[in-house]
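**Q** This structure is in structure tokens; I'll ask about it shortly.
The values are calculated or read from the model by the stated rules, or taken from the named source; none is laboratory data. Small disclaimer: the values here were computed from a predicted structure and weren't measured. Cβ atoms come from the backbone with ideal geometry, glycine included; neighbour counts cover every protein chain shown.
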Amino acid sequence: METKKTGYKVQEYNQPVKRYCQTLDLRDDQELIAEYIKRHREPWPEIREGIREVGILEMEIFLLGTRLFMIVETPLDFEWDVAMAKLATLPRQAEWEEYMSVFQLVSPGASSSEKWQLMERIFTNKSQK
């Protein structure tokens, strides 16, 4: 079983991929956080379909306290701004964002790309080729 102590298996792809990392804060309310977790364990089918439709291969969200951390893996030719603009137009996406905003420290009506802040990588130990 995967846990924070045993680690999480990484998806393997038949192509090179790139990774985007993002963060977002939740409201400091344990009941709201528990409900946010529940809703993400059973997301609407349209949300999963939209993520794939814009070219995202894998999306994971991690939680520590009120801080969320998201990892998004995509093909190398993925264009973030183009994909996020398309995602915002897909069925139920705006409704999902509004639905989730109750739990998040964000402005009402914000899109996913306005809520989630892209993070800068400041360290890696991978081999430089």
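**Q** Between a residue in segment 108-129 that is more than 13 Å from PHE69 (Cβ to Cβ) and in contact (Cβ under 8 Å) with a residue 12 or more places away in the chain and any residue that is among the hydrophobic types (A, V, I, L, M, F, W, C) and part of a loop (DSSP other than H, G, I, E, B), which pairs come within a Cβ distance under 6 Å, given they are 6 or more apart or on different chains?
**A** If the second residue must be among the hydrophobic types (A, V, I, L, M, F, W, C) and part of a loop (DSSP other than H, G, I, E, B), the pairs left are SER111/ALA88; LYS115/VAL106.
**Q** Collect the residues in segment 84-118 that are closer than 21 Å to GLY55 by Cβ, of a type in the set (A, V, I, L, M) and surrounded by 13 or more Cβ atoms within 10 Å (Cβ to Cβ), keeping them in residue-number order.
**A** If the condition is that a residue be closer than 21 Å to GLY55 by Cβ, of a type in the set (A, V, I, L, M) and surrounded by 13 or more Cβ atoms within 10 Å (Cβ to Cβ), then MET84, ALA85, LEU87, ALA88, LEU90, ALA94 are the ones that fit.
**Q** Against the definition (of a type outside the set (Lys, Arg) and either modelled with pLDDT under 95 or over 20 Å from SER107 (Cα atoms) (or both)), how does GLN11 come out, yes or no?
**A** yes
**Q** Select from segment 13-24 the residues that are under 14 Å from the mean Cα position of the chain (by Cα) and surrounded by fewer than 15 Cβ atoms within 10 Å (Cβ to Cβ) and list them in ascending order.
**A** Across segment 13-24, the qualifying residues are ARG19, CYS21, THR23.
**Q** A follow-up question, please. Search segment 94-129 for residues being polar (S, T, N, Q) and modelled with pLDDT of 90 or more, and hand back the single one that is nearest to TRP44 (Cα to Cα).
**A** SER101
**Q** Residues that are under 15 Å from the mean Cα position of the chain (by Cα) and either surrounded by 12 or more Cβ atoms within 10 Å (Cβ to Cβ) or aliphatic (A, V, I, L, M) (or both): does segment 27-36 have at least one?
**A** For segment 27-36, residues under 15 Å from the mean Cα position of the chain (by Cα) and either surrounded by 12 or more Cβ atoms within 10 Å (Cβ to Cβ) or aliphatic (A, V, I, L, M) (or both): present.
**Q** Considering only residues that are under 15 Å from the mean Cα position of the chain (by Cα) and part of a helix (DSSP H, G or I), look in segment 62-83 and name the one that is surrounded by the fewest Cβ atoms within 10 Å (Cβ to Cβ).
**A** ASP81
**Q** Among the numbered criteria (1) in a helix (DSSP H, G or I); (2) surrounded by 13 or more Cβ atoms within 10 Å (Cβ to Cβ); (3) within 12 Å of the chain's Cα centre (by Cα); (4) without any contact (Cβ under 8 Å) to a residue 40 or more places away in the chain, which one does ILE47 miss?
**A** (4)
**Q** Take segment 95-129 and flag every residue that is in a helix (DSSP H, G or I) and either within 18 Å of MET59 (Cβ to Cβ) or of a type in the set (S, T, N, Q) (or both).
**A** Across segment 95-129, the qualifying residues are TRP96, GLU97, TYR99, MET100, SER101, SER112, SER113, GLU114, LYS115.
**Q** Looking at LYS86, is it closer than 27 Å to THR3 by Cα and under 16 Å from the mean Cα position of the chain (by Cα)?
**A** So LYS86 does not fit the description; no.
**Q** Restricting to segment 50-102, and then to whatever is hydrophobic (A, V, I, L, M, F, W, C) and touching a residue at least 60 places away in the same chain (Cβ under 8 Å), can you tell me which residue is farthest from GLU114 (Cα to Cα)?
**A** Per the stated criteria, the residue is LEU76.
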